[in-house]
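These notes concern the structure reproduced below.
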Amino acid sequence: MEEISIRFNERFKPHPDFKKLQYIQLSIAILSIIVLGLTLTWLVSFQRALVFILSFIFLTLCLIISIPSIIWINLYYLSVFYTFTEDEIIVERGIWWKHKSIVPYNRITNVDMRQGPLSRALGLWELRIQTAGYHIASGGSFGAAEAILQGIKNVEEVKSFILGRIRKLKPVAVEAELETTLPKGLEQQILEELRKIRGILEKKG
C-alpha cells in the first residue's frame, strides 16, 4: 500500500501503519495512567491488602477503557477514505457522525505537511489542505485546514499530484473573496470615480 499509484475517482485509505500509530499513542496514555495510579496508591496506603485491592480496581478500569478504544481505532480506520477526482479532493471520515470534506483544487492556497516523533518513526505524514477564507467562514484560527489527509506514507507522490492539479486549473479563491467582500454598487462607484479622474487629467493635458 506504500507504493500507491494515484488514480482519479479511486478511493484509498490511510496506510495500515496509521492504526499502529494510534495503538502506540493509546498504549503510552494507558501506561502513563497506570504508573501514576499505582504510584499514588502506594503513597496513600501502607496496608498491603488495600494496595492490592486498589491496584486491581485501577488496572480493571484501564482494561475497560482500553477495549472500547481499540474497537474505536479500528472502526475509525474503516471509516476514512480519500478520493482525488479531476476537480476536487474528497475526504470522508466518522463513525457516529459522518463528515465529508470536498475541496476544489482551484481553491487550495497551501498544502501543509506535518509529522510528529511517533509518525516519523513509522514514516507517516499528515497533509493539511488550506483554502483562502476558510478560517473566517468556519470561525477558526488563521491557517485552519479545510481537509486533513492522515496516515500518508507516499507523501511526495500525493503532494506532487495535488500541486500538479492546482497548476493545471485556474485559481478562483482570490476572485471569490473579492466578490464576497465588495459592497453592492461599489464597483460602479469605482468606475465613475475613475472616469472623473481621467476627465481631470485630460483637461490638464
When only residues in the stretch 112-124 that are free of Cβ contacts under 8 Å to residues at least 40 places away in the same chain and in contact with an Asp or Glu (Cβ under 9 Å, 6 or more places away or on another chain) count, which is nearest to Thr83 (Cα to Cα)?
-> Asp112
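Table: residues versus (1) small (Gly, Ala, Ser); (2) loosely packed, with under 12 Cβ neighbours inside 10 Å; (3) in the same structural domain as Phe161 (by TED's automatic domain parsing).
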{"position": "Leu36", "(1), (2), (3)": "no, yes, no"}
{"position": "Thr39", "(1), (2), (3)": "no, yes, no"}
{"position": "Val51", "(1), (2), (3)": "no, no, no"}
{"position": "Phe56", "(1), (2), (3)": "no, yes, no"}
{"position": "Leu63", "(1), (2), (3)": "no, yes, no"}
{"position": "Ile89", "(1), (2), (3)": "no, no, yes"}
{"position": "Trp97", "(1), (2), (3)": "no, yes, yes"}
{"position": "Arg107", "(1), (2), (3)": "no, no, yes"}
Could you say whether any residue in the stretch 131-138 is in a strand (DSSP E or B) and modelled with pLDDT under 95?
-> yes
Scan the stretch 139-155 residue by residue and report those that are under 15 Å from Val111 (Cα atoms) and at pLDDT below 55.
-> Phe142
Within the stretch 73-106, residues of a type outside the set (Val, Ile, Thr) and under 14 Å from Phe18 (Cβ atoms) come out as Asn74, Leu75, Tyr76, Tyr77, Leu78, Ser79, Phe81, Tyr82, Arg93
Go through the stretch 20-58 and count every residue that is at pLDDT 85 or above and either in contact with a strand residue (DSSP E or B) (Cβ under 8 Å, 6 or more places away or on another chain) or aromatic (Phe, Trp, Tyr) (or both).
-> 2
Based on what the data block shows, is Leu43 surrounded by 15 or more Cβ atoms within 10 Å (Cβ to Cβ) and not assigned by TED's automatic domain parsing to the domain that holds Phe84?
-> no
Conditions (1) surrounded by 14 or more Cβ atoms within 10 Å (Cβ to Cβ); (2) at pLDDT 95 or above: number failed by Ile102 = (2)
Exactly one of Arg93, Arg128 is under 19 Å from Lys159 (Cβ atoms), modelled with pLDDT of 90 or more and not assigned by TED's automatic domain parsing to the domain that holds Ser32, and that one is Arg128
Could you give every pair whose Cβ atoms fall below 7 Å, whose first residue belongs to the stretch 145-167 and is within 12 Å of Gly123 (Cα to Cα), and whose second residue is of a type in the set (Asp, Glu) and in a loop (DSSP other than H, G, I, E, B), counting only separations of at least 6 or pairs across chains?
-> Lys153/Glu2; Asn154/Glu2; Asn154/Glu3
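Residues checked against (1) surrounded by fewer than 11 Cβ atoms within 10 Å (Cβ to Cβ); (2) within 13 Å of the chain's Cα centre (by Cα); (3) modelled with pLDDT under 75; (4) part of a helix (DSSP H, G or I):
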{"residue": "Met113", "(1), (2), (3), (4)": "no, yes, no, no"}
{"residue": "Ala121", "(1), (2), (3), (4)": "no, no, no, yes"}
{"residue": "Glu157", "(1), (2), (3), (4)": "no, no, no, yes"}
{"residue": "Glu177", "(1), (2), (3), (4)": "no, no, yes, yes"}
{"residue": "Leu201", "(1), (2), (3), (4)": "yes, no, yes, yes"}
Of all strands (runs of 3 or more DSSP E) fully inside the stretch 1-111, the set with 2 or more residues that are without any contact (Cβ under 8 Å) to a residue 24 or more places away in the chain and not aromatic (Phe, Trp, Tyr) is 88-93, 99-104
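The values are calculated or read from the model by the stated rules, or taken from the named source; none is laboratory data. Bear in mind that the values here come from a model prediction, so they are computed numbers and not experimental data. Cβ atoms come from the backbone with ideal geometry, glycine included; neighbour counts cover every protein chain shown.
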